[in-house]
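Just so it is clear, none of the values below were taken in a lab; they were calculated from the coordinates. Every value quoted in this text rests on a predicted model; they were computed, and no experiment measured them. Cβ atoms come from the backbone with ideal geometry, glycine included; neighbour counts cover every protein chain shown.
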Amino acid sequence: MNTTYADTVTRPRSRASLPTEETRAGETDAGEARAERDLAAALTRGDPDALADAYRRWAPLVHTLATRSLGDAKEAEDITQQVFLGVWRGRAGYRPERGPINAWVVGITRRKIVDALAARTRRTALVTAATAAAGTRVPRPSDHPEAVLDRLLVLRALETLPHAQRRLLSLAFFDDLTQVQIAERTGLPLGTVKSHVRRGLHRLRGALEPEHGAPPASPGARE
């Protein structure tokens with residue numbers, strides 16, 4: 001039988017010649033793998049667009065892993081930034097023969113999470129020890145982390161002051177007293193209190209500013 005052009009066009013292909021779902025999925029996977037290899041190559045060359053592409057691809061995954069491990073969305077955001085900073089800085093160390101780039105990113109994420117958990121443990125122990133040694137209450141878990149750290153920095157800086165200044169500034173910072181109230185409680189003349197507080201605050205700034213900026217504002221500096 002002769003086959004016409006119309007027969008060729010209209011005749012349905014056999015089922016065997018149609019692409020199967022597995023074939024299409026395999027082609028998609030192969031294309032994704034090629035795209036990730038190209039991305040990895042561009043990243044190791046130092047292409048900033050490759051870093052932006054990596055961030056778009058894997059930042060949601062990194063953030064999800066960090067949130068689940070740390071239980072804090074804000075801290076997870078910080079970890080996400082640290083991870084991709086680590087990706088950029090460590091790009092020369094990526095070795096494709098050791099695994100795909102997405103697994104490398106996840107590995108960096110896990111290390112950053114472990115570091116964050118260890119730092120959290122150290123901070124908690126340090127705050128607890130410092131506040132107990134200073135005779136102040138141990139911060140509750142509900143205390144804001146920045147407030148806890150500010151308190152710790154002030155406590156450590158206060159330890160460097162002479163006894164009289166340390167005593168008056170402790171009343172200002174931790175008992176929330178004005179200078180008039182401090183004078184009434186201690187029996188010291190108001191002028192003496194003002195002088196001690198002024199000199200103490202000056203020394204406190206000197207102790208805190210090099211690394212941490214000015215000390216937290218205190219109502220104790222009020223008249």
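Given points 7 Å out from each Cα along the Cα-Cβ axis, report the residue 160 to residue 68 separation in nanometres with one decimal.
Rounded to a tenth, the inter-label distance reads 4.4 nm.
Full-extension gain between residue 47 and residue 33, please, as 0.36 nm times their residue separation minus the C-alpha to C-alpha distance.
3.1 nm
Once label points are set 7 Å from the Cα along Cα→Cβ at both residue 103 and residue 88, what is their separation, rounded to one decimal in nm?
It is 2.7 nm.
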